[in-house]
Amino acid sequence: MVVPVTCRVGYRKVPSLCYRSCSTYIRRMRYLSELKEDDDACRQAYNSGSFFLFHNLSPFLQRKGKMFLAPKINTPDIKRILLKFSQSERWIEDSVLVGCSEECTPYFALDLGSLERAAMESELGGSFADAWKALFQLEKEDSALIFLAQALLRWHNNNQYCGKTGQPTEKNLSGSKRVCHSSEIICYPQMSPVVITLVSDGSRCLLVRQASFPKGMYSALSGFCDVGETLEETVRREVAEEVGLEVETLWYSASQHWPFPNSSLMIGYHAMVRPQQSKISINRQELEAAKWFSLEEVERALGREPKPSQEKDDSLSFWVPPKQAIAHQLIQEWAKKQAVIPV
């Protein structure tokens with residue numbers, strides 16, 4: 001749903017609900033902006049904040065029925081736990097800001113990798129899960145925050161020294177940047193642009209497998225943008241390189257932050273190729289398999305529940321990425337469009 005930026009049209013008043021929705025969003029964004037730039041304000045916010053916990057970048061989860069949730073631990077409990085395990089008082093300096101609630105309760109993330117994992121899991125009543133498996137187990141809202149938190153924690157861990165001077169860099173309190181004080185160079189967290197493209201020939205869609213995928217899972221084509229390329233050029237190049245097809249037309253769908261393998265911005269496209277030129281030539285250095293799938297096959301796959309724990313089961317049926325992934329959205333969009341096309 002798109003929320004209007006302006007809550008007043010001409011002289012006509014719009015419903016108060018719209019105004020409250022707009023003002024809540026603006027208030028949250030301005031509050032987060034203040035915390036990112038003002039260390040004193042951020043330090044005060046830690047007293048009322050909640051924390052997502054990690055252990056060597058693995059998020060802490062608790063079971064809730066068939067699904068899992070990422071619990072938010074309040075500051076008093078964080079202090080109690082760290083005191084019990086004799087953790088350093090630098091926990092504030094090691095935390096990163098990842099968002100806030102509708103009521104402007106700040107959310108932070110903290111990695112407890114220096115503590116013994118099993119003891120922490122016993123203390124907290126949950127487990128630290130592999131990030132890829134968390135994608136299949138978490139609700140969409142939780143997974144977005146968890147993957148943002150993981151991306152920021154990883155970026156800070158990998159950028160502790162200045163690339164120009166070699167001197168240590170210092171994180172500001174919120175984690176929105178790092179500063180090299182010897183050169184005054186400021187570094188900000190970055191994402192790599194990646195196109196993800198669902199290719200169709202009009203009646204079928206093309207899905208592919210990489211060797212690293214769980215058994216049975218097929219997804220859309222994807223690839224990193226090269227320096228100097230436009231997004232459209234990347235789509236055409238990737239489709240040509242990986243499956244030997246030439247794109248005739250393409251159009252944008254949506255984008256998504258993606259934490260694998262590091263921090264990427266996935267930019268989703270649909271692309272069309274001519275039916276008479278749809279013979280696949282797979283680049284085996286990039287892909288394990290690529291196949292054309294009919295609407296009926298795709299609809300069955302969309303109805304199956306992803307089961308990454310069965311990745312070694314050779315009998316596992318063809319399935320697609322979970323609903324949290326932009327690949328799922330692209331495949332679902334194609335299926336819905338095909339379902340209404342007259343035969």
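When the range 111-130 is limited to residues that are among the hydrophobic types (A, V, I, L, M, F, W, C) and farther than 16 Å from residue 150 by Cα, the one that is farthest from the chain's Cα centre (by Cα) turns out to be 119.
In the range 224-243, the count of residues that are part of a strand (DSSP E or B) and more than 17 Å from residue 334 (Cβ to Cβ) is one or more. Among strands (runs of 3 or more DSSP E) entirely within the range 54-116, having at least 2 residues that are aliphatic (A, V, I, L, M) singles out 67-69, 96-100, 106-111. In this structure, is residue 244 at positive phi and outside the structural domain of residue 53 (by TED's automatic domain parsing)? Criteria met by residue 244.
For the range 249-284, the set of residues classified as polar (S, T, N, Q) and either outside the structural domain of residue 223 (by TED's automatic domain parsing) or without any contact (Cβ under 8 Å) to a residue 12 or more places away in the chain (or both) consists of 276 only. Of everything in the range 5-40 that is loosely packed, with under 13 Cβ neighbours inside 10 Å, of a type in the set (A, V, I, L, M, F, W, C) and not in a helix (DSSP H, G or I), the residue that is modelled with the highest pLDDT is 5. Among residues of the range 34-55 that are more than 23 Å from residue 150 (Cβ to Cβ), none has a beta-carbon under 9 Å from a residue that is assigned to a helix (DSSP H, G or I) and among the basic types (Lys, Arg) at least six positions away or on a different chain.
Restricted to the range 257-278, and to residues there that are buried (at least 19 other Cβ atoms within 10 Å of the Cβ) and in a strand (DSSP E or B), the residue that is farthest from the chain's Cα centre (by Cα) is 271. Out of all the residues in the range 169-186, which are assigned to a loop (DSSP other than H, G, I, E, B), surrounded by 15 or more Cβ atoms within 10 Å (Cβ to Cβ) and either in contact with a Lys or Arg (Cβ under 7 Å, 6 or more places away or on another chain) or at pLDDT below 95 (or both)? Across the range 169-186, the qualifying residues are 169, 173, 174, 176.
Restricting the range 209-230 to residues that are surrounded by fewer than 16 Cβ atoms within 10 Å (Cβ to Cβ) and among the hydrophobic types (A, V, I, L, M, F, W, C) leaves a set whose member that is farthest from the chain's Cα centre (by Cα) is 227.
In the range 142-168, the residue that is nearest to the chain's Cα centre (by Cα) out of those that are assigned to a loop (DSSP other than H, G, I, E, B) and closer than 27 Å to residue 50 by Cβ is 159.
The values are calculated or read from the model by the stated rules, or taken from the named source; none is laboratory data. Small disclaimer: the values here were computed from a predicted structure and weren't measured. So basically every Cβ, Gly included, is an ideal-geometry build from the backbone, and we count neighbours across all protein chains shown.
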